[in-house]
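The values are calculated or read from the model by the stated rules, or taken from the named source; none is laboratory data. This one's a predicted model, so the numbers in the text were calculated from it and none came from an experiment. With ideal geometry, Cβ positions are generated from the backbone for all residues, glycine too; neighbour counts draw on all protein chains shown. All accessible areas refer to the heavy atoms of the entire protein, side chains included, with ligands and DNA or RNA removed. Shrake-Rupley method; radii C 1.70, N 1.55, O 1.52, S 1.80 Å.
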Amino acid sequence: MSESGSAADFNASADINPSTNLPEGDPIRARIAQAVRDVREQTPLAQSFTNFVTMNLVANAQLASGGTAAMSFLPDDVLDTAHIAKASYINVGTLLPFYKDALPQIARGFAKAGHPWVLDPVAAGIGATRTEILQSFRFAPPTVVRGNASEILALTDMWGIRPVASAAETASAAETTETAAAPEHTRPAGVEAVDDVDSAASAAVALAKSLSRTAPNGKAAVAVSGPVDLVTDGERTFRLPGGSALMTKITGAGCSLGGVMATYLAVADPLTAALAASALFNRAGQIAAGQSHGPGSFQVALLDALWNLTADEVAASPILAV
Amino acid sequence: MSESGSAADFNASADINPSTNLPEGDPIRARIAQAVRDVREQTPLAQSFTNFVTMNLVANAQLASGGTAAMSFLPDDVLDTAHIAKASYINVGTLLPFYKDALPQIARGFAKAGHPWVLDPVAAGIGATRTEILQSFRFAPPTVVRGNASEILALTDMWGIRPVASAAETASAAETTETAAAPEHTRPAGVEAVDDVDSAASAAVALAKSLSRTAPNGKAAVAVSGPVDLVTDGERTFRLPGGSALMTKITGAGCSLGGVMATYLAVADPLTAALAASALFNRAGQIAAGQSHGPGSFQVALLDALWNLTADEVAASPILAV
Amino acid sequence: MSESGSAADFNASADINPSTNLPEGDPIRARIAQAVRDVREQTPLAQSFTNFVTMNLVANAQLASGGTAAMSFLPDDVLDTAHIAKASYINVGTLLPFYKDALPQIARGFAKAGHPWVLDPVAAGIGATRTEILQSFRFAPPTVVRGNASEILALTDMWGIRPVASAAETASAAETTETAAAPEHTRPAGVEAVDDVDSAASAAVALAKSLSRTAPNGKAAVAVSGPVDLVTDGERTFRLPGGSALMTKITGAGCSLGGVMATYLAVADPLTAALAASALFNRAGQIAAGQSHGPGSFQVALLDALWNLTADEVAASPILAV
């Protein structure tokens, strides 16, 4: 199972209140700019255990962002490489039978070593093998989770994490008591999100809080991708508009975002890594959409834009505090 | 084993009699236009179990055509996803050892559920594992088969299907009695066709008739790809010129055509799906060839053309009745 | 584990003495031109057992160079196809568990049949499974090895091959006695070279001599890729400047070079094949760099350039004798 696009409404950003945009001098923007620069200067290795469909784009996106890439499927390879890679990316898209043993073994190895990693729970909820693998990660959790709303909802369900109201939801739902209840959602429609980003907000916050308790340095983050991305470390939540509907018409926009998140995680804290990668892809997607004539030329222009964007341009992207 | 191009003669279309082109108002053209529109409006999910070389292009072609994609290799995943996908695509290009059990199990599951699927018998005739897998499909057959001439000939041989003369062949061979005999052919040269499309015409008709007997709704189709494609449902046979010789200089033109056939099969009958996908690729290939400077830019332009072609343009492609 | 780029210094070519460039009429240049032409005319099949990340680019590069491609992972497939392919390419990038048995079996089959093949020892030195596989090839060796400096050093170490001084090194080290000692090197940094090309020169020569003793017709070659490539048959050593730093910013430049080396090996002797492929990629990389705006458009332009370069242009590339 590998991720492809979902036809989401990229005009949703129109509903976002621009007055909540982080000010130019906010320390978070400085940390994002620093992460982008550090990757370009240090060319850190982030390794991936990822699906077969989009792994070429994941590697190319990591390289275009300034990092280096290595892909592997054998525990001995992956754990050996974890000594020289500063972060890893695991994507459960296209599973093979032996992954059922290999992935839990790798996650335990990462946990033991305090090695930070990004989980992309592609198609969470589909297939007994995938469920068994994702269940195992509950006891050797990632540092960052990136997925679409349906995947985040399915994963928190699976791990028995009770969604909590985010600050924004609590504020906007002052008169009601339903906010903290588990959101209604259907099971994933393949690799497509059938739920919108906001419906996963409280699940994302709860998941980030839970991950923080086991994270190497007590810090974790969750990124929910969609027309407007949501990023949270469990304490603060941000919404990042941008990107392009064409990102849903190529395969691997989400996977390569996850891979680049691991690249940034090699040089930055989880919240900064999740914000920097999301901001980079949102800006790059907009630029690529303006330069392309369809999904073929869009993918080419996307890689070029990842390569050409400056640290300051990435850091200046809209980041709305909620 | 994964499909790559064969250096075929795309000038062969010059030998085709244009007077047999289906008239503008033919109901088949209306059905093709409707299929193209339905895919764009319904964005149906067609899942794939396909080779590792071209699976990225298959997914991107399905997305560019308006559908959505999911790729998987585990029977639990695939059969679970068959509940939400309206059609599937199986390509036996790059095999792994466990496919020997997984693919027959999946085909039986599809047969039991009446789930329509497209088979791409890449490199049929090479390797004992592939032969064993293709043999198993005889008892849980696909709804559509798409391949090059050598693959169609190898598959019908393997299944003990005796080629029958198509109407055209019967007409042109009125004075002879050899037409219905098994065509002479060599074994596939890797993933290349060594036989031309016409040599597989009677095998294709016989195969389509055979598939129709087991197909979910009694309808099936066979598409033989080449410089001029041949499409038949066992009753009627059509030839579709177009495309570009550059399609043989990128890997995956055939596989992505098969994947998009599954996308159309999710919204249309087998004959319409096979015709619509072939017509789409033939037009897109011509457009892309006019816009590119080699195989790299051709692949980019091909995806853009799949995205930009209108339903009416696809339906207006040359479709020659024989 | 799959190969990605290393940020190497492509200005290193400035240090090369142009007076050592092979004269226009050198027979080696004529053999290179002939190999390029033969591939375009004969479209030979070279099959690959290669990593999942870059296999699409490998196939597309082989097609763009004029050959045809087939990818497989099953010994029965691969050995069956070896009857119709004139050369093969094996790349140990992304391993699966069953490769531990499959790859030694395939190498033994190639040895028994005298079938020529190119080994790409990606990430040599990382992971027990990869080491076991590479160790097994010692007793059923390839005809050509292509890798970065760190991989060549790791492989010769692993096979117990003692580096010998190349003629150039002997000359330049006339006053010292350390030249023939095993070069100092660290283990590979993932799939990146951490050693420079010259540091692997004597290992490459020793490896080529060793391979020649078992090669089908007594001829073998080793190619060390970097800012300036080094190619040797154990008797003569050449340095080939060119290419572009952008080649290290896409995944698979090295793998596709190895794949195309196998394509040329299907029509030429090992030294000519290694030189022709290196010269082709160096010229294509330069052209593509001048036409692109980042790694996305660079990859597209690289494939176009592989397709458009003439045999004479490839043969006229700088080839410096040392």
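The test for being surrounded by fewer than 22 Cβ atoms within 10 Å (Cβ to Cβ) and in contact (Cβ under 8 Å) with a residue 60 or more places away in the chain does not hold for B:Gly93.
Checked against the criteria, A:Ile16 does not count as modelled with pLDDT of 95 or more and over 30 Å from B:Met55 (Cα atoms).
Here the condition is being charged (D, E, K, R), more than 21 Å from B:Ala253 (Cα to Cα) and modelled with pLDDT under 95; of B:Glu3, B:Glu24, it holds for B:Glu24 alone.
Would you check if there is a residue in the stretch A:251-263 being of a type in the set (S, T, N, Q) and more than 12 Å from the chain's Cα centre (by Cα)? Within the stretch A:251-263, one or more residues are of a type in the set (S, T, N, Q) and more than 12 Å from the chain's Cα centre (by Cα). The criterion of at least 1 residues that are under 28 Å from C:Ile126 (Cα atoms) is met by the following helices (runs of 4 or more DSSP H) wholly inside the stretch A:72-173: A:75-81, A:99-113, A:128-137. Within the stretch C:220-254, the set of residues being under 24 Å from C:Val58 (Cβ atoms) and basic (Lys, Arg) comprises C:Lys249 only. Here B:Gly125 passes the criteria (1) open to solvent by less than 20 Å² (accessible area, probe 1.4 Å); (2) within 14 Å of chain C (Cβ to nearest Cβ); (3) on the phi > 0 side of the Ramachandran plot except the one numbered (1). Look at (1) within 12 Å of another protein chain (Cβ to nearest Cβ); (2) touching a residue at least 60 places away in the same chain (Cβ under 8 Å); (3) over 15 Å from the mean Cα position of the chain (by Cα); (4) under 27 Å from A:Ala245 (Cα atoms) and you find that B:Ala33 fails only one, number (1).
Residues that are touching a Phe, Trp or Tyr at 6+ places or on another chain (Cβ under 7 Å), closer than 30 Å to C:Phe298 by Cα and in contact (Cβ under 8 Å) with a residue 12 or more places away in the chain do not occur anywhere in the stretch B:304-320.
Say we look at the stretch C:55-69 and pick out the residues that are at the interface with another protein chain (Cβ under 7 Å from one of its Cβ atoms) and outside any helix (DSSP H, G or I); which of these is farthest from C:Gln34 (Cα to Cα)? For the stretch C:55-69, the residue satisfying everything is C:Ala69. The residue that is surrounded by the most Cβ atoms within 10 Å (Cβ to Cβ), among those in the stretch C:178-209 that are modelled with pLDDT of 60 or more, hydrophobic (A, V, I, L, M, F, W, C) and assigned to a loop (DSSP other than H, G, I, E, B), is C:Val191. Scanning the stretch A:135-148 for residues that are aliphatic (A, V, I, L, M) and surrounded by fewer than 24 Cβ atoms within 10 Å (Cβ to Cβ) returns a single hit, A:Ala140.
Of the helices (runs of 4 or more DSSP H) lying entirely inside the stretch B:210-322, those carrying at least 2 residues that are open to solvent by less than 10 Å² (accessible area, probe 1.4 Å), in contact with a helix residue (DSSP H, G or I) (Cβ under 6 Å, 6 or more places away or on another chain) and more than 21 Å from B:Val118 (Cβ to Cβ) are B:295-308. Here is the figure for the stretch A:286-322: residues that are closer than 21 Å to A:Val222 by Cα and in contact with a Leu (Cβ under 9 Å, 6 or more places away or on another chain) total 7. Just so you know, in the stretch A:78-119 the residues that are closer than 17 Å to A:Val145 by Cα and of a type in the set (Phe, Trp, Tyr) include one that is nearest to the other protein chains (Cβ to nearest Cβ), and it is A:Tyr89. If you go through the stretch A:31-67 and pick out every residue that is among the β-branched types (Val, Ile, Thr) and open to solvent by 10 Å² or more (accessible area, probe 1.4 Å), you end up with 1. So, in the stretch A:288-303, exactly how many residues are within 21 Å of the chain's Cα centre (by Cα) and within 8 Å of chain B (Cβ to nearest Cβ)? Looking only at that region, the number is 1.
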